[in-house]
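Reviewing the structure listed below.
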């Protein structure tokens, strides 16, 4: 990790190297676990979040940054959850159009773990999160369960304002959220 982190360059001077380093960090996080990763979370976030939030970052690099942030959220949620508001909107926007796959699934599991740890952190990105959730075609059983639980928690937190909040979504997304995720 000490050699990999510097390769995640905010200027992505060597795009392929930066892209591979960002992707590898997420893979390593899943294998290494919290105890081994906690020393690297902040240095990784310092590099990944600016890449993600920069609209000029090449899409593949932004996607890898988002997936790795999600995976870090799955492994070290307590360290990342306080930062949720800083990257959640762009994270949802970037991953909303990525095809369903195992990497995206683990990233979304991490995002929902972060939302569970810091529900107010998703407030500004709520509609983006709903849209990204609605864009899933066939979430696996574990991911589907996490979506149902996350939406139940958000619905309970919103109370009477839930209907007006989801009412801002397009009709198709509202229907998916209601039918697939019971919200």
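Every number here is computed from the coordinates shown, using simple stated rules; none is lab data. Every value quoted in this text rests on a predicted model; they were computed, and no experiment measured them. All Cβ positions, even for glycine, are placed from backbone atoms using ideal geometry, and neighbour counts span all protein chains on display.
Overview of results
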read-out	value
Order of 9, 140 - criterion: other Cβ atoms within 10 Å of each residue's Cβ, fewest first	140, 9
Principal-axis tilt of helix 15-32 within the chain, Cα atoms, nearest 10 degrees	70
Rg(Cα) / (2.2 N^0.38 Å) computed for the stretch 118-171, rounded to two decimals	1.13
Most fluctuating residue given options 37, 111, 168, as computed from a GNM of the chain linking Cα atoms under 10 Å	168
Area projected by the alpha carbon convex hull of the stretch 4-67, averaged over all directions, nm²	3.7
Estimated [θ] at 222 nm from DSSP helical runs (n ≥ 4, -39500 (n - 2.57)) normalised by residues in the chain, nearest 500	-22500 deg cm²/dmol
Scaled radius of gyration (Cα, divided by 2.2 N^0.38 Å) that the chain gives	1.00
Nearest 10 degrees, 0 to 90: helix 171-181 Cα axis against the chain principal axis	80
Nearest-ten-degree value, helix 34-53 long axis tilted from longest Cα axis of the chain	80
Separation in nanometres of the label points that stand 7 Å from Cα toward Cβ, at residue 124 and residue 140	3.3
Centroid-to-centroid separation of the stretch 129-183 and the stretch 38-80 [C-alpha atoms, Å]	24
GNM flexibility winner over the chain from 68, 113, 57 (Cα, springs under 10 Å)	57
